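Let me begin by presenting the structure, written as structure tokens, before commenting on it.
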Amino acid sequence: MPTAAGQLLGYQLQLQRALVHLLQSGRGSSVSVEVTGDVAVMLGNGGKLEEEDKSSLSSNPVTNKSTDLWKTFYNWINALNDGSIHFEETKFILYANHEGNKGIVDALSEAQSPEEINKCIGEVESLFESLESTHPIHSYLSHILGHKDAFRAIVGSFEFIVGSKTGSEEIHQVLSDIILVSQHHVDYVHDELLGWITNSMMDRIAASKPAIISWEEYQKKFVVLFERVRARELIDFTKEYAADHKEVQEQFKEYPTYLKQLQIIDIEDHEQVSAVSDFLRRKVNADKWIESELIDEASAQEFEESLKSYWHSTIKKLSITEKSLKPEERGQLLYHDCKVRQATIGNQPVLSHFVRGTYHNLTNENEIGWHESWNDLLKDR
């Protein structure tokens, strides 16, 4: 019986495969999920790909006696017989996410000539004869062998593909061939496209519409992402950290200097959670931007100096305009003013959470502080 984890993997694999086909198809094509099969591609030239995706958490899902294997051919034969598929225009693909010992499915995929196809049918007949009538695949094989002409037609246009465990590696490879940029940018485009196709398919399913996406819809999304990469925009490689995230919890357990600086000026706990998220995201993005050569150490240092300069001028201003406030209150004003500071690195606008995270990093290194007496107060904490 399929587990919940196995079912989730299976559906996610379909979306990964649908994205691969969108990447490799062309104008006028469209890709569907769970319409005529697991994944189908309607090509702009009138051709069609029918793909069934078989997944397993740890083992080969299409062994010689696998129900999934023979049920696939059983369904394809029925589709040929009822006219919903025309074999002259269709290529049949069986995709598995785990490799196993070579078996009948490999021979079926490699068979090209009538002699090779007949030899495969002989192997299927031998397998059928060796089974008890109660075996789960007995009825499927009986039906298949009762429709040998349709079976031959399918085998003549059949391909068996063994891919990666999640289907993700194939997407990365295709993207790497399309956009000659750093691996970090390939990762970014992969994640964005996969999120987009997942949301698009789920929206159609929720609206009781066929889950079909055209190549033109995909191309519109891809061009936007590609332009961002081509322009070497400072792409956000992170997502906001939730309060219960392991790394956030570790930060509160260690309670480093930047959090103590916030505590000194009475910043509330929920704001401290946001501060931790910004602090963690800054490091990830800074490392990846430097590694991808979007910025260099010199421009990063110049950026920090500009933030420190703004911090210093804001302190001066507050010391004149807000003399009546308590030091903690002036510290809060300073903190919130710096939080909304807009800045650039070179000529590139910087993400707002990166500005905030950089300020937290500067307070963590004791280069700046929110309370006017932060150095003395930190000695007691």
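Checking ASN347, ASN366, ASN375 one by one, the residue that is among the polar types (S, T, N, Q), open to solvent by 20 Å² or more (accessible area, probe 1.4 Å) and touching a Gly at 6+ places or on another chain (Cβ under 9 Å) is ASN375 and no other.
What residue, of THR36, THR67, is at pLDDT 90 or above and over 19 Å from VAL174 (Cβ atoms)? Write out each step before concluding.
Numbers: THR36 fails: at pLDDT 90 or above.
Answer to the selection: THR67.
When each of ASP149, ASP187, ASP177, ASP191 is tested for being within 28 Å of GLU227 (Cβ to Cβ), more than 15 Å from the chain's Cα centre (by Cα) and either open to solvent by 60 Å² or more (accessible area, probe 1.4 Å) or not hydrophobic (A, V, I, L, M, F, W, C) (or both), the lone residue that passes is ASP177.
For region 118-146, filtered to residues that are hydrophobic (A, V, I, L, M, F, W, C) and touching a Ser or Thr at 6+ places or on another chain (Cβ under 8 Å), the residue that is least open to solvent (accessible area, probe 1.4 Å) is ILE137. Note on region 212-297: enclosed helices (runs of 4 or more DSSP H) holding 1 or more residues that are closer than 24 Å to CYS338 by Cβ and in contact with a Gly (Cβ under 8 Å, 6 or more places away or on another chain) are 257-264, 269-291. Among residues of region 267-282 being more than 12 Å from THR363 (Cβ to Cβ) and among the acidic types (Asp, Glu), the one that is surrounded by the fewest Cβ atoms within 10 Å (Cβ to Cβ) is GLU268. Residue selection: ILE212 fails the criterion of being more than 27 Å from the chain's Cα centre (by Cα), farther than 30 Å from ASN347 by Cβ and in contact (Cβ under 8 Å) with a residue 60 or more places away in the chain. Go through the residues of region 144-160 one by one and say whether even a single one is out of contact with any helix residue (DSSP H, G or I) (no Cβ under 6 Å at 6 or more places or on another chain), without any contact (Cβ under 8 Å) to a residue 12 or more places away in the chain, in a helix (DSSP H, G or I) and over 30 Å from VAL223 (Cα atoms). Yes, region 144-160 contains at least one residue that is out of contact with any helix residue (DSSP H, G or I) (no Cβ under 6 Å at 6 or more places or on another chain), without any contact (Cβ under 8 Å) to a residue 12 or more places away in the chain, in a helix (DSSP H, G or I) and over 30 Å from VAL223 (Cα atoms). Just one of the listed residues (LEU49, LEU43) is at pLDDT 90 or above and under 20 Å from ALA150 (Cβ atoms), namely LEU49.
Please state which one of VAL62, VAL20, VAL35 is closer than 29 Å to HIS147 by Cα and open to solvent by less than 10 Å² (accessible area, probe 1.4 Å). Lay out the reasoning, then the answer.
Details: VAL20 fails: closer than 29 Å to HIS147 by Cα; VAL35 fails: open to solvent by less than 10 Å² (accessible area, probe 1.4 Å).
Selected residue: VAL62, the only one of VAL62, VAL20, VAL35 that is closer than 29 Å to HIS147 by Cα and open to solvent by less than 10 Å² (accessible area, probe 1.4 Å).
Considering the conditions (1) under 42 Å from the mean Cα position of the chain (by Cα); (2) over 20 Å from GLN261 (Cβ atoms); (3) open to solvent by 60 Å² or more (accessible area, probe 1.4 Å), LYS323 is excluded by exactly one of them, (1). Could you please let me know if LEU80 is touching a Gly at 6+ places or on another chain (Cβ under 7 Å) and closer than 30 Å to LEU131 by Cα? No; evaluated as a whole, the condition is false for this residue. Pairs please, first residue from region 27-52 and polar (S, T, N, Q), second anywhere and part of a strand (DSSP E or B) and surrounded by fewer than 18 Cβ atoms within 10 Å (Cβ to Cβ), Cβ atoms under 8 Å, 6+ apart in sequence or on different chains. Short answer, once both residue conditions are applied: SER29/SER214; SER30/ILE212; SER30/SER214; SER32/ILE212. For beta carbons closer than 9 Å, sequence separation of 6+ or different chains, a first residue in region 102-129 that is touching a residue at least 60 places away in the same chain (Cβ under 8 Å) and a second that is in a helix (DSSP H, G or I) and crowded, with 17+ Cβ neighbours inside 10 Å, the qualifying pairs are LEU127/ILE104; LEU127/LEU141. The residues of region 82-124 that are within 16 Å of ASP149 (Cβ to Cβ), modelled with pLDDT under 90 and of a type outside the set (Phe, Trp, Tyr), listed by number, are ASP82, GLY83, ILE85, HIS86, GLU88.
Can you find, within region 195-211, the residue that is nearest to ILE171 (Cα to Cα) among those that are assigned to a loop (DSSP other than H, G, I, E, B) and out of contact with any Lys or Arg (no Cβ under 6 Å at 6 or more places or on another chain)? Can you show your working first?
The first filter runs over region 195-211 and keeps only residues assigned to a loop (DSSP other than H, G, I, E, B), leaving 207-211.
Still in the running and out of contact with any Lys or Arg (no Cβ under 6 Å at 6 or more places or on another chain): 207-210.
On the way: ALA207: 28, SER208: 28, LYS209: 26, PRO210: 24 Å.
Residue satisfying both the conditions and the ranking: PRO210.
Taken as a whole, the condition of being among the basic types (Lys, Arg) and exposed (fewer than 13 other Cβ atoms within 10 Å of the Cβ) applies to LYS246.
I'd like to verify a number: residues in region 152-170 that are of a type in the set (Ser, Thr, Tyr) and open to solvent by 60 Å² or more (accessible area, probe 1.4 Å), how many? If you could, list the steps in order and put the result at the bottom.
Residues of region 152-170 of a type in the set (Ser, Thr, Tyr): 157, 164, 166, 168.
Narrowing further to those that are open to solvent by 60 Å² or more (accessible area, probe 1.4 Å): 166.
The qualifying residues number 1.
Which count do you get for residues in region 65-77 that are open to solvent by 50 Å² or more (accessible area, probe 1.4 Å) and closer than 11 Å to ALA150 by Cβ? Going through region 65-77 one residue at a time, the tally reaches 1.
Quick check on region 283-299: of everything there that is under 19 Å from GLU367 (Cβ atoms) and surrounded by 15 or more Cβ atoms within 10 Å (Cβ to Cβ), which residue is modelled with the highest pLDDT? Reasoning before the result, please.
First, pick out the residues of region 283-299 that are under 19 Å from GLU367 (Cβ atoms): 283, 286, 297-299.
Now drop any that are not surrounded by 15 or more Cβ atoms within 10 Å (Cβ to Cβ), which leaves 286, 299.
Working: ALA286: 90, SER299: 85.
Once the filter is applied, the top-ranked residue is ALA286.
Applying the set (1) open to solvent by 50 Å² or more (accessible area, probe 1.4 Å); (2) within 17 Å of the chain's Cα centre (by Cα) to GLN14 leaves exactly one unmet item: (1).
The values are calculated or read from the model by the stated rules, or taken from the named source; none is laboratory data. Fair warning: this is a prediction, and the values are worked out from it, not measured in the lab. Counting neighbours? That spans all protein chains shown, and the Cβs are built from the backbone with ideal geometry, glycine included. Each accessible area value is taken on the protein alone, full model and side chains, heavy atoms only, with ligands, DNA and RNA left out. Shrake-Rupley method; radii C 1.70, N 1.55, O 1.52, S 1.80 Å.
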